[in-house]
1. So which pairs qualify, if the first residue must be in region 147-170 and at pLDDT 95 or above, the second must be in a strand (DSSP E or B) and surrounded by fewer than 24 Cβ atoms within 10 Å (Cβ to Cβ), the Cβ gap must be under 6 Å, and the two must be at least 6 apart or on different chains?
2. Tally the residues that are touching a helix residue (DSSP H, G or I) at 6+ places or on another chain (Cβ under 7 Å), surrounded by 17 or more Cβ atoms within 10 Å (Cβ to Cβ) and farther than 12 Å from residue 153 by Cβ, restricting the search to region 6-28.
3. Return yes when residue 304 is of a type in the set (Asp, Glu) and at pLDDT below 95 and no when it is not.
4. Quick check: is even one residue across region 45-52 touching a strand residue (DSSP E or B) at 6+ places or on another chain (Cβ under 9 Å) and closer than 18 Å to residue 181 by Cβ?
5. Just to be sure, is residue 103 touching a strand residue (DSSP E or B) at 6+ places or on another chain (Cβ under 9 Å) and among the β-branched types (Val, Ile, Thr)?
6. Can you work out which of the residues in region 105-127 that are assigned to a loop (DSSP other than H, G, I, E, B) and either under 21 Å from residue 316 (Cα atoms) or over 17 Å from the mean Cα position of the chain (by Cα) (or both) is modelled with the highest pLDDT?
7. Here are the criteria: (1) assigned to a helix (DSSP H, G or I); (2) among the hydrophobic types (A, V, I, L, M, F, W, C); (3) modelled with pLDDT under 95; (4) over 14 Å from the mean Cα position of the chain (by Cα). Tell me which single one residue 142 does not satisfy.
8. Could you list, in sequence order, the residues of region 126-170 that are in contact with a Cys (Cβ under 8 Å, 6 or more places away or on another chain) and of a type in the set (Gly, Ala, Ser)?
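The values are calculated or read from the model by the stated rules, or taken from the named source; none is laboratory data. Since the structure is predicted, the reported quantities are computational estimates derived from the model, not experimental observations. FYI the Cβ positions are ideal-geometry reconstructions off the backbone, even for glycines, and counts take in every protein chain you see.
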Amino acid sequence: MSSETETFSISGPSHLTAIDWKNTYHRRCVVASLVQGVYILERDRQQNRIGSQKALAPLWWNFFHFQLNNMLVDSADHSIFGAIFELKPCLNAPRFVIAFRGTLIESGTRSRDIHLDLKCIVNRLHKSSRFQLAIHSIQETIGLAGASNVWLAGHSLGSAIALLAGKNMTKMGYPLETYLFNSPFVSAPLERIKDQKVKHGIHIASSVVKAGLTVALKCQHKQSKPQQDDPFVVLSYWIPHLFVNPADHISSGYIDYFAHREKMEKIGAGKIEKLATKHTVESLLSGAILDRISEPLHLLPSAELTINKSDSTNFRKAHGIEQWWDPTIHCPSLVYQYRY
């Protein structure tokens, strides 16, 4: 049985009958709808909704004149976790959008998705077969159409896949237009601390500790990487579109992450923060044990951060993909670019 949220005519942005690809709201709506289409593709599969009369997913991309080029299927549980959508050549529009869904708690996907959620937390998503298929498909599509014609998108767990893939492709010289909805930020939930002075003090202390550990480990390992080999420097010119909600504890850490960097610059502690912002304490301690400093998945040098500042009544809505095509939300954007 389908829910209203799965039906495009009820829950989708059906008011968007003409797309202006230069309009940020239009782009956000279309890309979020494609991600929703991947969710519904998997639900169609699980509920055996096959054929034009039963399947609910196709309208989520057909409405915007996209075609389903390929589905990405996880070999572990046979679930559809991603899709490649194709659009006929159109000015300012992508030729392909590769979209990834997040965690589904249905019985057919719950175990595998939660397993991958845990891999995100411990910074091991890159070792999963799901990510390996994703990056292979992205590389193939770039080979076919060129990097400028390929966009990435994902929500929640799917956003983590898109983020990691986007990082990897940028390091290879192919920065892709990327849309990250409610991407997981793995850290202590400091955003829940209401006292701004206390929170800022904790952030400063954390930055000093991380900067100190970074220097100590570099000395211990005798690392002296030139700037062009520093991942943060390499990634600094890639500016993905990052969408978060303050009431979503999974993604809201990005708000303080970028705001703290600006505050450290203002108080004259920019050099400390340039070292600290590249690492988590966990990654540094892991580096001390494993003799190398790992790069945390969720940390970004640059991003266009869009925050949904409208009230969210509960966590499900704050973390949901559907908020991003709502025309009534107040969601200002700000570009943060890492400067070395």
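1. From region 147-170, the pairs are 150/96; 151/177.
2. Number satisfying all stated conditions: 6.
3. No: the conditions fail for residue 304.
4. Kept after step one, since they are touching a strand residue (DSSP E or B) at 6+ places or on another chain (Cβ under 9 Å), are these residues of region 45-52: 45.
This time we only want the ones that are closer than 18 Å to residue 181 by Cβ, so: none.
Scanning region 45-52 turns up no residue that is touching a strand residue (DSSP E or B) at 6+ places or on another chain (Cβ under 9 Å) and closer than 18 Å to residue 181 by Cβ.
5. It is false that residue 103 is touching a strand residue (DSSP E or B) at 6+ places or on another chain (Cβ under 9 Å) and among the β-branched types (Val, Ile, Thr).
6. Of all residues in region 105-127, those assigned to a loop (DSSP other than H, G, I, E, B) come to 105-109, 122-124.
Next, only the ones that are either under 21 Å from residue 316 (Cα atoms) or over 17 Å from the mean Cα position of the chain (by Cα) (or both) stay: 105-109.
Numbers: 105: 91, 106: 89, 107: 86, 108: 86, 109: 94.
The residue in question is 109.
7. Status for residue 142: all satisfied but (3).
8. To start, the set of residues in region 126-170 that are in contact with a Cys (Cβ under 8 Å, 6 or more places away or on another chain) comprises 157, 160.
160 - this is the single residue of region 126-170 that is in contact with a Cys (Cβ under 8 Å, 6 or more places away or on another chain) and of a type in the set (Gly, Ala, Ser).
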